[in-house]
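Here is the structure we will look at.
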Amino acid sequence: MEGEHDDSQKLSLFYESGIYYFDDSNAVFVDPVRVLNRSYHRFTVSPSTYYSRFFKSPTTPNSVSSTVSSSLRKRKRKPKEPPPLNERELIALQRHQEARPLLLAAHECLLKSTELLNVLKTLKSESRCSKKECEGGQQHSFVDLGRGSPQLEVTLSLRVSDADTHLPPNELEDSLSVQCCEQKVLPAFNNLVANDTKDDAVAEILDNCYIVPRESCFYMSDLGQIRNLIPAHADSGFNLIVVDPPWENASAHQKSRYATLPNREKLRSFVERELFPAWGVSYAATFYWLKVKQNGSWICDLDLFHHRPYECLILGYSPGKVNNTDNQSKFKPVKNDRVIMSIPGDFSRKPPIGDLLLEYVPGLKPSRCIELFAREIMAGWVAWGNEPLYFQDSKYFVKKMDQ
C-alpha cells in the first residue's frame, strides 16, 4: 500500500509539474506540454498540435501482418557488407556503448511504471471544456522575412495590471480580472521585444498572432547580430545559457525545414575540445534525451547506428565573477548521466528542460536565462534566434474560454 501511495503522489506531482521522478534513479520522464503550460495564464499549449507526430506502434492484426511481411521481404535481400567505421564513427560507437547501460536502466524504470505508462497513452488528448482553438493565419518564414523585410514591425498587446508591480503570485488570478490593454509597435528584427508583465502577451506580425509568455523577451536576428545581446556590465549577464544549434543531419537536410550549421560542428569533440575552451567553459556533465513512443518503447532501435533514439546534452560552467549579495547561490555539482525521457514533438523541437537545470545554476536569483537558436520562448527567459516565434504561433495554442 505504501508503494502505491508513493506512485500516486509522484503521479499527482507529475500532473502539476510535467516531470516524473523515478525512485533510486537518475532518470525522469517529461511531458513538455505540462511544463510549457506553467508559463501561461490565458492560453495553453495544445497537446494535439505539440504531439503532431505521436509515435504509435502497430496494434491491429492487419498492421502487424504488414509489418511482418515487410520484414520477410527485407530478409530475402542479400545483406550488404557495411563499410568500415572511420575514426570519428569509432569514437561515437564507444560513447554509445558507455551510454547504453544508463539508457537501458532508465527505460526499464519507465516500463515498470504502469500508472505512468497509462498516462502516456492520453498525452495527446485534451479536454475541450472551457477552451477554444486559436485562429492561426499563414505561418511565415522569419528567415526569409529577415532578409527581405528587415524593417518589419511587431504589434505587442500587453495586459497591464497592478499585479505587475506588487502582488504576490497567489493573488495574481483575481487581480488579472481588472486590467487594461497596452499596445506597443516595435521593430520585429534586431530588437529586444519584451513582455515584462505577469500575463501572456500577443504579438502580431503580418496579420498572424504569436503568444508570448509572461516576463520573457525575444531577439530575432541572424547570427551576425548576436553580439548585441552581450551585456554592457559583467555583473548583468546570464547565469544559464542553453545552446541548441540546428546541427546538419540527413533527416533535417531531406525535409529542408530549417537552416543548419556545417556537419563538422555536430561532433561532440568539437564542443569539448574547441568550443568550451574558447569560451572559458569547463565540462560539468552529460545528460541524455531518450525519445519514446506512447507505449513506452523506443522510437527506433537503440543500436541503430545512424539514427539513435537519443541525443546528448553537454553541460559546462564558467567561473564568472558576481558581486557579493545575499540573493545568490553557489555552484552545485551536477549529477552526471541524467536521462530525460519524453515523447518527441514536432521536428527539431526539444523538451523544455530549464527546470531540471536551474537547481544547479549559481549566481543571482532569480536566474537570468537565455536560449540561443531558440524556436520557442519560456517564461522568465530571453530567446534569441532567427525564428524564436516559430512555436509561439497561435495555431499551437488553445485559449481558455473564461479569459
**Message:** Looking only at the stretch 362-378, how many residues end up being open to solvent by less than 20 Å² (accessible area, probe 1.4 Å) and over 20 Å from PHE347 (Cβ atoms)?
**Reply:** 3
**Request:** Please give the number of the condition ASP23 fails out of (1) modelled with pLDDT of 90 or more; (2) surrounded by 15 or more Cβ atoms within 10 Å (Cβ to Cβ); (3) not in a strand (DSSP E or B).
**Result:** (2)
**Fill in**
Among helices (runs of 4 or more DSSP H) completely within the stretch 34-138, the ones holding 2 or more residues that are basic (Lys, Arg) and at pLDDT 85 or above are 87-112
**Prompt:** Going by the structure shown, is LYS399 under 24 Å from VAL202 (Cβ atoms), part of a helix (DSSP H, G or I) and in contact (Cβ under 8 Å) with a residue 40 or more places away in the chain?
**Reply:** no
**Request:** Could you grab me the full set of residues in the stretch 283-314 that are outside any strand (DSSP E or B), surrounded by 13 or more Cβ atoms within 10 Å (Cβ to Cβ) and on the phi < 0 side of the Ramachandran plot?
**Result:** LYS293, GLN294, ASN295, SER297, ILE299, CYS300, LEU302, ARG308, PRO309
**Request:** Report, by residue number, each residue of the stretch 179-205 that is under 13 Å from GLU153 (Cα atoms) and assigned to a strand (DSSP E or B).
**Result:** GLN183, LYS184, VAL185, LEU186, PRO187, LEU192, VAL193, ALA203, GLU204, ILE205
**Message:** For the condition more than 16 Å from LEU36 (Cα to Cα) and either assigned to a loop (DSSP other than H, G, I, E, B) or modelled with pLDDT under 95 (or both), what is the one hit in ASP355, ASP346, ASP337?
**Reply:** ASP337
**Request:** Tell me, please, whether a residue that is outside any loop (DSSP other than H, G, I, E, B) and at pLDDT 85 or above can be found in the stretch 158-169.
**Result:** yes
**Message:** Would you confirm whether or not the stretch 234-253 contains a residue that is more than 30 Å from GLU182 (Cβ to Cβ), among the polar types (S, T, N, Q), open to solvent by less than 40 Å² (accessible area, probe 1.4 Å) and modelled with pLDDT under 90?
**Reply:** no
**Message:** Any residue in the stretch 104-119 that is of a type in the set (Asp, Glu) and open to solvent by 70 Å² or more (accessible area, probe 1.4 Å) sitting within a Cβ distance under 7 Å of a residue that is part of a helix (DSSP H, G or I) and at pLDDT below 95? List the pairs, counting only those 6 or more apart or interchain.
**Reply:** GLU115/ASP7; GLU115/LEU11
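The values are calculated or read from the model by the stated rules, or taken from the named source; none is laboratory data. Treat the numbers as computed from the prediction; the structure is a model and nothing was measured. As a convention, Cβ positions derive from the backbone with ideal geometry for all residues, glycine included, and neighbour counts pool all protein chains shown. Ligands, DNA and RNA are stripped out before the accessible areas are found, and what is left, the full protein with its side chains, is counted by its heavy atoms. Shrake-Rupley method; radii C 1.70, N 1.55, O 1.52, S 1.80 Å.
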